[in-house]
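One structure is given below, encoded as structure tokens.
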């Protein structure tokens, strides 16, 4: 029944039928199963997605807020997603120009993304951005997701354009540091552009110095400097990392493994 409900939502875009199927799934859950609470939570989220897709934003908002607060508390990787869906619902309630079709597109695209149907999701993300009234945080989130879809499909240059649009227009959005980290990894790993990748990493460090992504970004810059055999840069970045993030889980790698390698390579260099 769950598969039928997912198909009704993601393939047929029949929200009413999907809601009925999710409710049947919910009623059929075995309460003796030790994991039934997880199943119930997933179905309740799916029903909230249906509510948002159908324009019942207040009902959806209650569930999204609960998921957002839970993710925030545990520092989950999906904080930006729930924040974006929340802000989308809030914008929809306040702005009569907000299109119900936009909400439906974003919600269904997220569902498609979760099952790796990137080409289908990409079309809906692209369409949703053209709607007047969608909130800035939601726009930034959609750009990030759209870029990720493009990257997953191997369209790396197109993905970069979306990340750059996000950086230019929505650099203070909640999802911006995560998006810029993805952009940097894309540049280094797929576009053979270490400089641009490190520019994205540096942007995170400068703009979001207190975020968890700042530490990761600096570590990536240090790693890239080592890969590129820029030993003087690596030495300075290693020192900077130790100063800024002395309690990091990466500090042992930075101090010991990277430190020994950098010292060895600098010693082997001829005097300048």
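The values are calculated or read from the model by the stated rules, or taken from the named source; none is laboratory data. Fair warning: this is a prediction, and the values are worked out from it, not measured in the lab. Using ideal geometry, Cβ is built from the backbone for each residue, glycine included, and neighbour counts are taken over all protein chains shown.
Return yes when residue 217 is touching a residue at least 12 places away in the same chain (Cβ under 8 Å), closer than 21 Å to residue 177 by Cα and surrounded by 19 or more Cβ atoms within 10 Å (Cβ to Cβ) and no when it is not. Steps first, please.
Details: touching a residue at least 12 places away in the same chain (Cβ under 8 Å): yes; closer than 21 Å to residue 177 by Cα: yes; surrounded by 19 or more Cβ atoms within 10 Å (Cβ to Cβ): yes.
Considered against the rule, which asks whether it is touching a residue at least 12 places away in the same chain (Cβ under 8 Å), closer than 21 Å to residue 177 by Cα and surrounded by 19 or more Cβ atoms within 10 Å (Cβ to Cβ), residue 217 comes out as yes.
If the condition is being surrounded by fewer than 18 Cβ atoms within 10 Å (Cβ to Cβ), in contact with a helix residue (DSSP H, G or I) (Cβ under 7 Å, 6 or more places away or on another chain) and touching a residue at least 12 places away in the same chain (Cβ under 8 Å), then the stretch 227-239 contributes only 228.
In the stretch 43-54, what residues are surrounded by fewer than 17 Cβ atoms within 10 Å (Cβ to Cβ) and either at pLDDT below 90 or more than 26 Å from the chain's Cα centre (by Cα) (or both)? Residues satisfying the conditions do not exist here. Can you find even one residue in the stretch 80-96 that is in a loop (DSSP other than H, G, I, E, B) and either over 22 Å from residue 23 (Cα atoms) or touching a helix residue (DSSP H, G or I) at 6+ places or on another chain (Cβ under 9 Å) (or both)? Checked the stretch 80-96: at least one residue is in a loop (DSSP other than H, G, I, E, B) and either over 22 Å from residue 23 (Cα atoms) or touching a helix residue (DSSP H, G or I) at 6+ places or on another chain (Cβ under 9 Å) (or both).
Among the residues of the stretch 107-116, those that are in a helix (DSSP H, G or I) and touching a residue at least 24 places away in the same chain (Cβ under 8 Å) comprise 107, 108, 109, 110, 111, 112, 113. Where helices (runs of 4 or more DSSP H) sit wholly within the stretch 1-78, those with at least 1 residues that are more than 25 Å from residue 122 (Cα to Cα) occupy 15-28, 36-53, 57-74. Of everything in the stretch 66-94 that is buried (at least 17 other Cβ atoms within 10 Å of the Cβ), free of Cβ contacts under 8 Å to residues at least 60 places away in the same chain and more than 22 Å from residue 13 (Cβ to Cβ), the residue that is farthest from the chain's Cα centre (by Cα) is 90. Considering the stretch 25-39, the residues that are touching a helix residue (DSSP H, G or I) at 6+ places or on another chain (Cβ under 8 Å) and either exposed (fewer than 14 other Cβ atoms within 10 Å of the Cβ) or touching a residue at least 24 places away in the same chain (Cβ under 8 Å) (or both) include one that is nearest to residue 85 (Cα to Cα), namely 25. Residue 176 falls short on exactly one of the conditions (1) within 16 Å of residue 206 (Cβ to Cβ); (2) free of Cβ contacts under 8 Å to residues at least 24 places away in the same chain; (3) in contact with a helix residue (DSSP H, G or I) (Cβ under 8 Å, 6 or more places away or on another chain), and that condition is (2). Residues in the stretch 257-269 that are out of contact with any helix residue (DSSP H, G or I) (no Cβ under 7 Å at 6 or more places or on another chain) and surrounded by 15 or more Cβ atoms within 10 Å (Cβ to Cβ): none. Summed over the stretch 117-160, residues that are touching a residue at least 60 places away in the same chain (Cβ under 8 Å) and either surrounded by fewer than 22 Cβ atoms within 10 Å (Cβ to Cβ) or assigned to a loop (DSSP other than H, G, I, E, B) (or both) total 2. Taken over the stretch 240-256, the criterion of being more than 27 Å from the chain's Cα centre (by Cα), touching a residue at least 12 places away in the same chain (Cβ under 8 Å) and either buried (at least 17 other Cβ atoms within 10 Å of the Cβ) or over 17 Å from residue 214 (Cα atoms) (or both) is satisfied by 255 alone.
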